[in-house]
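Data block below; observations after.
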Amino acid sequence: MLKTSYNDNLNALLLVQESLRPLAAGAISLTGSLPDVLVSMLDALDSQDGRITVINQDQNSLTAMSMIDGRVETETVDGLHGTLREEIENVAARHGREIYVADTQKEEGWAVASHPQTTTGPWSAISVPIRTVNSAVGLLTILKPGRDRFVHEDAVLTSLFAGQIGSALASLHFNEEARSAENRSQELLRDNQNLAAILVHDLQGPLGNVLTSLEMVQERLDHLDESDLTLMMDIAVRSSKLLQGLVNSLLDISRLEAGQEVTSRQPLTVSDLVDFVAEVEGPELEQRHVTLTRELSPDLPLLFVNIDIIQRVLLNLIDNALKVSRQGQTITVRAHCENGDRMAR
């Protein structure tokens, strides 16, 4: 008889483990897997009444699967708070293992999270905290009508069932984190690919200005006076510094991914910003016979920005405009404040 009981219990454990496998793999939801699991557990314990209650800490909700008189019911409570959470936490804190209640009518604090029954009369019950690693995330409760209906082997089997559920939930959490990490890795890869494309685009502008300035110096070397030569070389130097800044941006990527701050804000006037861009883009504007004009409101506020980045933004805008401008056209930079706002548009 004992051997048959042992085999029955082993088969029940294997059946529950198999039922929990899709949940652990993330192939099925809690509401889709736990009813069958609960039925298997109750069959093994010769009961028709019980409940699996699981807290979802991330979504602050509770999912309960109850079987009452052979009928499975599912309940989800959002915005979990108060009695349900406290009871689960108290059960886990007060008892290291299962709780055996010979008569629920005489058990102080027996509440709805453990007891799906609303009928009167004595019930015997076993409640076991469901744990994942070090935290209690739910309760497994098995009930039978009448007093003192369970034996020690029932408590041990219930504890094993609760352990199987906890292991499945821990595996589910691990698999979800692994999938999230994989998705994040793919996102970072796409971001880095996009960033590389942006940097290549950004490099073309200042590199073109350097080459254009040097070509103009080379072509007109015999006809340039000292002031023109100084201007061309100054543009080449400025553009080279921009190239250096872009290269430094590549180094900033690792700092950004590590969560470190890489930007520093400094004061800058809109007029100085446009002057800088106009000077850097001067050779391209002259070569393409395009005019850069400005319409700046006199009440513009002082900007507090990362100067290197905002210069790159405006340089890109002007560079893109140059690419679609025909000879003799004008590119205009306008800046103003709207409705008394102290933000420059």
Which residue, of Ser213, Ser171, is of a type in the set (Gly, Ala, Ser), part of a helix (DSSP H, G or I), closer than 16 Å to Met233 by Cβ and in contact (Cβ under 8 Å) with a residue 24 or more places away in the chain? Ser213
Hey, can you tell me all the residues within segment 174-210 that are touching a residue at least 24 places away in the same chain (Cβ under 8 Å) and either more than 15 Å from Ser240 (Cβ to Cβ) or outside any helix (DSSP H, G or I) (or both)? Asn175, Glu176, Arg179, Leu188, Asn192, Leu195, Leu199, His201
Given the residues Thr158, Thr141, which is the only one that is of a type in the set (S, T, N, Q), in contact (Cβ under 8 Å) with a residue 40 or more places away in the chain and not in a helix (DSSP H, G or I)? Thr141
Of the residues in segment 145-155 that are open to solvent by less than 50 Å² (accessible area, probe 1.4 Å) and either modelled with pLDDT under 80 or assigned to a helix (DSSP H, G or I) (or both), the one that is farthest from Asp43 (Cα to Cα) is Ala155
Do you know which residues across segment 160-178 are at pLDDT 80 or above and either among the charged types (D, E, K, R) or open to solvent by less than 80 Å² (accessible area, probe 1.4 Å) (or both)? Phe161, Ala162, Gly163, Gln164, Ile165, Gly166, Ser167, Ala168, Leu169, Ala170, Ser171
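Please verify whether segment 295-313 includes one or more residues that are assigned to a helix (DSSP H, G or I), touching a residue at least 24 places away in the same chain (Cβ under 8 Å) and within 20 Å of Leu231 (Cβ to Cβ).
Start the filter on segment 295-313 by keeping residues that are assigned to a helix (DSSP H, G or I), which leaves 307-313.
Narrowing further to those that are touching a residue at least 24 places away in the same chain (Cβ under 8 Å): 307-312.
Applying the additional criterion that residues be within 20 Å of Leu231 (Cβ to Cβ) yields 311.
The answer is yes, given that some residue of segment 295-313 is assigned to a helix (DSSP H, G or I), touching a residue at least 24 places away in the same chain (Cβ under 8 Å) and within 20 Å of Leu231 (Cβ to Cβ).
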Subset tally (residues that are touching an Asp or Glu at 6+ places or on another chain (Cβ under 8 Å) and among the small types (Gly, Ala, Ser)) for segment 175-222: 2
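Report whether or not Ala125 is open to solvent by less than 80 Å² (accessible area, probe 1.4 Å) and without any contact (Cβ under 8 Å) to a residue 60 or more places away in the chain. Show your work before the answer.
On the way: open to solvent by less than 80 Å² (accessible area, probe 1.4 Å): yes; without any contact (Cβ under 8 Å) to a residue 60 or more places away in the chain: yes.
Here the answer is yes, as Ala125 does meet what is asked.
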Conditions (1) at pLDDT below 75; (2) out of contact with any Gly (no Cβ under 7 Å at 6 or more places or on another chain); (3) not polar (S, T, N, Q): number failed by Met67: (2)
I'd like the full set of residues that are touching a residue at least 40 places away in the same chain (Cβ under 8 Å) and closer than 13 Å to Asn175 by Cβ, limited to segment 22-33. Leu23, Ala24, Ala25, Gly26
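Yes/no matrix, rows are residues, columns are (1) of a type in the set (A, V, I, L, M); (2) exposed (fewer than 15 other Cβ atoms within 10 Å of the Cβ); (3) part of a helix (DSSP H, G or I); (4) modelled with pLDDT under 75:
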| position | (1), (2), (3), (4) |
| --- | --- |
| Ser240 | no, no, yes, no |
| Gly245 | no, no, yes, yes |
| Gly259 | no, yes, no, yes |
| Ala278 | yes, no, yes, no |
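The values are calculated or read from the model by the stated rules, or taken from the named source; none is laboratory data. Model, not experiment: these values are computed from the prediction. Here the Cβ is made from the backbone with ideal geometry for all residues, glycine too, and neighbour counts use every protein chain on show. Heavy atoms of the whole protein, side chains included, go into the accessibility calculation; ligands, DNA and RNA do not. Shrake-Rupley method; radii C 1.70, N 1.55, O 1.52, S 1.80 Å.
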